[in-house]
Amino acid sequence: MDSPRNPFVAAPEVIEEQDPMDVDLILGSREAIRGPQNLQQTLAQEPVPEDEEAVPVEVTQATLWLVGASGGVGTSTLAGLCCEQVVDAGVQEPEWASRALLVCSTSAASLEAAAQLARKSATGLLAYELVGLVIVHDRPKNRITKPTLSFARGVARMFPVAMTVPYESSWREVGTTPTASSTRLKTVLRKIHKIAQTGH
């Protein structure tokens, strides 16, 4: 039986133990870091380079748009590796009834977005024609689970043609210019160029 607590003595403070902080490559074991107190004032005094306006694309019969199913899937990188007829739709909206390749990553949200856009395209709800899909691996192949691979294959079958771009770790490094290093990527770029030229 518990003894009655003395009402004149404060109850001891109970401190919950927290799990130890895992070590982060950038922050170490700290939960956050602080910059100098006057950092924002210093940054405000520096000149801010103006964003250059994108030069409008000269659209022809051979123009093929790369449309991202979600953000950060690599449309600008792929467009930069392709010929001039292949244009990143993030820079300029595809024209009415133009041809487009949808680009998604192997993340669940991006694959689901690709599936939704395939359905919209099939029912005529898109202003452009989706002629194919490019799935960009966003992690090494041994890190993709079987359910994700199965879902990706199902999404790929919803398009007239589907291609995959392998995971390129070097593309994520600061100061690196993406290049077509793997055989599969070079093959995909040739296929994209052929679709731009011939339509299939």
If the chain between residue 171 and residue 96 were fully stretched, how many nm would it gain, using 0.36 nm times the residue separation less the Cα-Cα distance? 23.8 nm
Given 162, 147, 127, which one lies farthest toward the positive end of the charge dipole of region 126-184, if we put +1 on the Cβ of every Lys and Arg and -1 on the Cβ of every Asp and Glu? 147
Given R₀ = 41 Å, what would the calculated FRET efficiency be for residue 123 paired with residue 60, taking r from the Cβ atoms and rounding to 0.05? 0.90
Using a 1.4 angstrom probe, figure out how much accessible area region 48-193 has per residue, in square angstrom, rounded to the nearest whole. 59
In what sequence, highest mean first, do 185-197, 128-140 appear when ranked by Cβ atoms within 10 angstrom? 128-140, 185-197
For residue 148 and residue 19, calculate 0.36 nm times their separation in residues minus their Cα-Cα distance, and state this gained length in nm to one decimal. 43.3 nm
Solvent-accessible area, 1.4 Å probe, carbon plus sulfur percent, for region 63-166: 54
Taking the Cα-to-Cβ direction at residue 184 and at residue 27 and moving 7 Å from each Cα, how far apart do the two end points lie in nm? 3.4
Cβ crowding within 10 Å averaged over residues, with 166-177, 148-159, 100-111 ranked highest first: 100-111, 148-159, 166-177
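The values are calculated or read from the model by the stated rules, or taken from the named source; none is laboratory data. The shown structure was predicted, so the numbers you read here are calculated from the model rather than taken from an experiment. Virtual Cβ from ideal backbone geometry, glycine too; neighbours counted across all protein chains shown. All accessible areas refer to the heavy atoms of the entire protein, side chains included, with ligands and DNA or RNA removed. Shrake-Rupley method; radii C 1.70, N 1.55, O 1.52, S 1.80 Å.
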